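Following: one structure in structure tokens, then a few remarks.
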Amino acid sequence: MTGAHEIAIERLFDAPVDAVWRAWTEHLEEWWAPAPWTTRVIEQDLRAGGRSVIDMRGPDGEGGPMSGIFLEVTPNERIVFTNAIDADWNPATPQPVSIVGFFELTPEGDKTRYRAGARHWTAEAMEQHRAMGFEQGWGICADQLEAVAKRLAHTHA
């Protein structure tokens, strides 16, 4: 999956795909926001057309709810979402950057190739997202996701 105006990060996680999938789908609050930010899941309907609402908060209380819908959910392989429309198929409240986001998981032996990114309507929007710290922020979240997946792989929790 590649697209115009896309920025992405890629990592090789030291955890199997099923553990990464469980970390993503069952433990999102533990890794979604770069620490010390926190995440609270309000709604997470993991299916195409399902609604996602999370509340991200910074250490000084900044932030707030973010919502969107899932466009594709293929277990152990891919999650695609957008914050550009809501669960009723209406244009969403304008976001700082509207995206089509994706998370892809590919097994490589007992490890997982993780690719996460965002596609933008314009090159300008992509550069704005990059300037907001996309690579750093999503990279921190990827490291946090891998830590949760490794724990799950070793504890089967």
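The values are calculated or read from the model by the stated rules, or taken from the named source; none is laboratory data. What you are looking at is a predicted structure, and each value in this text was computed from that prediction instead of being measured. For the accessible areas, the whole protein counts, side chains as well, though only heavy atoms, and no ligand, DNA or RNA atoms are used. Shrake-Rupley method; radii C 1.70, N 1.55, O 1.52, S 1.80 Å.
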Just to confirm, what accessible area per residue do you get for the chain at 1.4 Å probe, in whole Å²?
51 Å²
For the chain, what value does the Rg/Rh ratio take when both radii are computed over Cα atoms and Rh is the Kirkwood radius, given to two decimals?
0.94
Counting only protein heavy atoms with a 1.4 Å probe and every protein chain in place, the carbon and sulfur fraction of the accessible surface of the chain in whole percent equals 52 percent
Descending principal axes extents, the stretch 69-122, alpha-carbon based, whole Å
42, 23, 13
